[in-house]
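A quick write-up on the structure given underneath.
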Amino acid sequence: MIRTYSSPAKVNLLLKVLGRRPDGYHNIVSIVDLISLEDTLHVEELADDLVIVEDDKRLLPSGHPNTVYRAAMLLKETYRVKRGARFFIEKNIPIGAGLGGPSSNAAAALHALVDIWGLPVMPSALFEIGAKIGADVPLFLYGKSCIMKGIGEQLTPIQLPHMWYVIVYPGIALHTRDVYEGLKIPLTSAQNEVTLFPRFYTVFDVARVLENDLEKVAFSLHPEVHIAKKSIQNAGAIGSLMSGSGSSVFGVFESEGDAREAAEKARGLGNVFVAHSR
């Protein structure tokens, strides 16, 4: 029997990089909203000990570089599962876009396999497994808008207004490591504190905090990303920002009508998506 699971994208409404840790990771503070742009995973159990991952656009790597494959193999190893699974992924979230597609796919795969294989896995144990796959995987296992701290493993709830987004992917795949390596951040073992309110009432409240410390590096690597951000702002967005380590940029809107009108103006900048808060 084939089961279907949604795998949503995310946008970072705030991303502050607080310092580089001795282990090479960076401490961050981020406000994250999960959105309606999503991939879809179709999953079926296999009787033999194989894990097969395919996608409709043939974008994803095979074997260990694939986050879904890694998630499945790590779960199999941890719980000594002798069965397999086949994944077919309908890809809508661009790769290398700062929207969390691979991490979201891995989280959806973990949820799917716990169901399909009938594993008695506590949420805390699943979060531990997810963190070994990627820093954003716990966020997608959590499955709600939140404040992220540490390297992404510290999650607390936040209340955000319902928002509409216009997202532009300018066709450039930025690698997270390249962007972080461009930051001039001192080595630190401490985490500086950034105080955030746990609730935002309006889109205008959100627009006032839009900030991403990785933008300048991404803009220097690819000026097209900066052009896309300014274009969304000029198309009527209440605020605009690059998501994560890029290269996607987004604008926030109060209504679907405003978002769709702006999306029409943004055609030609790249792949354009209209989405809303989940």
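The values are calculated or read from the model by the stated rules, or taken from the named source; none is laboratory data. All of these numbers come straight from a predicted model, not from anything done at the bench. Glycine also receives a Cβ, built like all others from the backbone with ideal geometry; neighbour counts cover every protein chain displayed. Side chains are part of the model used for accessible areas, which takes the heavy atoms of the whole protein and leaves out ligands, DNA and RNA. Shrake-Rupley method; radii C 1.70, N 1.55, O 1.52, S 1.80 Å.
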Query raised in the report: For region 60-80, what are the residues that are open to solvent by 50 Å² or more (accessible area, probe 1.4 Å) and touching a Phe, Trp or Tyr at 6+ places or on another chain (Cβ under 9 Å)?
Result: 61, 62, 69, 79
Query raised in the report: In this structure, is residue 139 under 20 Å from residue 15 (Cβ atoms) and either aromatic (Phe, Trp, Tyr) or surrounded by 16 or more Cβ atoms within 10 Å (Cβ to Cβ) (or both)?
Result: yes
Query raised in the report: Residues of region 10-57 being at pLDDT 95 or above and open to solvent by 50 Å² or more (accessible area, probe 1.4 Å), which ones?
Result: 38, 44, 45, 50, 54, 56, 57
Requested in this report: Specify the residue that is nearest to residue 28 (Cα to Cα); the eligible residues are those in region 244-254 that are out of contact with any strand residue (DSSP E or B) (no Cβ under 6 Å at 6 or more places or on another chain) and hydroxyl-bearing (Ser, Thr, Tyr).
Outcome: 245
Query raised in the report: Among (1) closer than 25 Å to residue 177 by Cα; (2) at pLDDT 95 or above, which single condition is residue 83 missing?
Result: (1)
Query raised in the report: Quick one: how many residues across region 150-174 are under 30 Å from residue 123 (Cα atoms), touching a residue at least 40 places away in the same chain (Cβ under 8 Å), open to solvent by 10 Å² or more (accessible area, probe 1.4 Å) and of a type outside the set (Val, Ile, Thr)?
Result: 5
**Report entry** Checklist (1) under 30 Å from residue 206 (Cβ atoms); (2) in contact (Cβ under 8 Å) with a residue 40 or more places away in the chain; (3) surrounded by 24 or more Cβ atoms within 10 Å (Cβ to Cβ) applied to residue 103, failing item
**Finding:** (2)
